[in-house]
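See structure below.
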Amino acid sequence: MAIRISPHIAGIVPYSPGKPIEEVERELGITGSIKLASNENPRGPSPKALAVLSEAAKTVNRYPDGGGYYLRDALAERWKVAPDQIILGNGSDEVITLLTKAFLEPGDEAVMADPSFVIYKIDVTAVHAKPVLVALKNHRHDLPTMAKAVTTKTRLAFICNPNNPTGTYVTAAEVTAFMQAIPPDVIVVFDEAYYEYVTAADYPDTMALLKAGRNVVLLRTFSKIYEGRAGRPRG
């Protein structure tokens, strides 16, 4: 008897990550290759991180603190927010998945730029909601058009800033206009995985939006600038 798969799930194109260096070298018969496809630090992990991992290895026979109490507490102190405003995930991917599961029901909509981080579309589709794609304009998020794409069915809006894969960003003035144009019950997810690399003076202060009580979610990560020896985080 044939098993029917939901057309929403069957139609998802899996995310295709960059191949491991070892696999590429084995396939091509080369050595000493440099991987540039996955935004990974080629210098290796920070010695400070290695020291912590070495110490933590002594307790791998125990379940860890799933709530990340001490990390959440430290992050809350750094950003001057309450610990219960912080969610930890195995990368932003997991947090995005949790957001779509928590806030989207079948038939709901989520607005996003195209192209942008492919996981938004995959996760929205997986919960039987509708991804609403708005084409980039000059390789940048077209926030006015994204605002017009918001309907009564819209629950989430994703803004990848700086955008992956184009590397462009939207300004504070553009974000302010967008937030004024959409209903307050739409949750705006600012994916700021590359936040620490931004030096532009007109980059938006989304943390101020959070502290002002707007329905926003800010995604930050340890997997970019923080993993390298030379990283000098902002803030």
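No value in this document is a laboratory result; all are computed from the given coordinates. None of the values given here were measured: they were computed from a predicted structure. No Cβ is skipped: glycine too gets one built from the backbone with ideal geometry, and neighbour counts run over all protein chains shown.
Given VAL134, VAL170, which one is surrounded by 20 or more Cβ atoms within 10 Å (Cβ to Cβ), more than 22 Å from ASN39 (Cβ to Cβ) and in contact with a strand residue (DSSP E or B) (Cβ under 7 Å, 6 or more places away or on another chain)? From the options VAL134, VAL170, the qualifying one is VAL134.
Table: residues versus (1) within 22 Å of VAL189 (Cα to Cα); (2) free of Cβ contacts under 8 Å to residues at least 40 places away in the same chain; (3) not basic (Lys, Arg).
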| site | (1), (2), (3) |
| --- | --- |
| GLY44 | no, no, yes |
| PRO47 | no, no, yes |
| LEU53 | no, yes, yes |
| ASN61 | no, yes, yes |
| VAL81 | yes, no, yes |
| ALA110 | yes, no, yes |
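Pairing residues of segment 84-97 that are within 17 Å of THR125 (Cβ to Cβ) and in contact (Cβ under 8 Å) with a residue 24 or more places away in the chain with residues that are crowded, with 17+ Cβ neighbours inside 10 Å and of a type in the set (D, E, K, R), at Cβ distances under 9 Å and at least 6 apart in sequence or on separate chains, gives ASP93/ASP123; ILE96/ASP123; ILE96/ASP191; THR97/ASP123. Among the residues of segment 69-109, just one is exposed (fewer than 14 other Cβ atoms within 10 Å of the Cβ), touching a Pro at 6+ places or on another chain (Cβ under 9 Å) and not acidic (Asp, Glu), namely TYR69.
For segment 123-143, filtering for residues that are of a type in the set (Asp, Glu) and in a loop (DSSP other than H, G, I, E, B) leaves 1. The condition of being aliphatic (A, V, I, L, M), under 28 Å from ASN41 (Cα atoms) and without any contact (Cβ under 8 Å) to a residue 60 or more places away in the chain holds for only one of VAL175, VAL198, VAL189, VAL132, that being VAL198.
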